[in-house]
1. At E145 and K169, where each label point lies 7 Å from the Cα along Cα→Cβ, what is the point-to-point distance in nanometres?
2. For H100 and K161, what does the FRET efficiency come to when R0 = 41 Å and r is the distance between their Cβ atoms, rounded to the nearest 0.05?
3. How much accessible area per residue does the chain have, in Å², with a 1.4 Å probe?
4. Give the residue list of GluC sites (Glu not before Pro) in the stretch 22-62 that are DSSP loop and have at most 11 other beta-carbon atoms within 10 angstrom.
5. Which chymotrypsin sites (Phe, Trp or Tyr not before Pro) in the stretch 57-116 pass both tests, a DSSP loop state and at most 16 other beta-carbon atoms within 10 Å?
6. Angle, helix 143-182 long axis vs. longest principal axis of the chain, Cα atoms, 0 to 90°, nearest 10?
7. If Rh is defined by the Kirkwood formula over all Cα pairs and Rg also comes from Cα, what ratio Rg/Rh do you get for the stretch 17-66?
8. Which one is right for this structure if Cα Rg over 2.2 N^0.38 Å is calculated from it: [x] 1.07; [y] 1.73; [z] 1.35?
Amino acid sequence: MSEDFLIEGKGDEYYMQQALREAEKAYKAGEVPIGAVIVKEERIIARSWNQVETLKDATAHAEMLALTSAQSAIGDWRLEGCTVYVTKEPCPMCAGALVHCRPDRVVFGIPDPKGGAAGGWINLLDSNPPLNHKCELESGVLEEECLAILQHFFREARAKKKAERDLRKQELALGDESDSSCCSND
């Protein structure tokens, strides 16, 4: 983590905590808990959380929603001078949007070796050329906290799915028993 990068006495950890607060909103809404905030000139200009299920929109990732909000806040699609904080490494869609929006920095909590596009699987944010912009990257900020909320969410989701499967099996078994008992000759 960059110890010397401070904004108004608030460093990367402070802003990642704000992104984690957004991730908690996603968690409470039953969304994959990823949050993002965008900072410019020492203040948060945008914040968002994953809302794919809520909005029924596959592009409603935290980063995408925060980028749109930040562009509205400053009245320009170029986010020069901004830093994007996100709890998980951006996917290819979000990384592509980040390149086009041109923030100076992207800071994320946990890497995604299977699908991350900021160095995990590929790196779209630092592939100049051929892309028109390059972002400074920082990873591992509050990594344990960012990982913990995702792990907790997916453990709960797996447990819920297992409980639903078990319930269906029980219902089927009960249905089979009642079918056989109604047809037996006493």
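1. About 4.0 nm separates the two model spin labels.
2. Working: r = 37 Å, r/R0 = 0.89.
Efficiency computed from Cβ-Cβ geometry: 0.65.
3. Details: 10470 Å² over 186 residues.
For the chain, the per-residue accessible area is 56 Å².
4. Details: sites: E22, E24, E31, E41, E42, E53; in loops: E31, E41, E42.
Counting only loop positions with at most 11 other Cβ atoms within 10 Å, the GluC sites (Glu not before Pro) in the stretch 22-62 are E41, E42.
5. Numbers: sites: W77, Y85, F108; in loops: W77.
Qualifying residues, ordered by number: W77.
6. Here the helix axis deviates by roughly 20 degrees.
7. On the way: Rg = 10.5 Å, Rh = 10.5 Å.
When Rh is taken as the Kirkwood radius, the ratio is 1.00.
8. The value computed from this structure is option [z].
The values are calculated or read from the model by the stated rules, or taken from the named source; none is laboratory data. Nothing here was measured: the structure is a model prediction, and the numbers come from that model. Neighbour counts run over all protein chains shown; Cβ positions are idealised from the backbone, glycine included. Note: accessible area is taken over every heavy atom of the protein model, side chains too, but ligands, DNA and RNA are not part of it. Shrake-Rupley method; radii C 1.70, N 1.55, O 1.52, S 1.80 Å.
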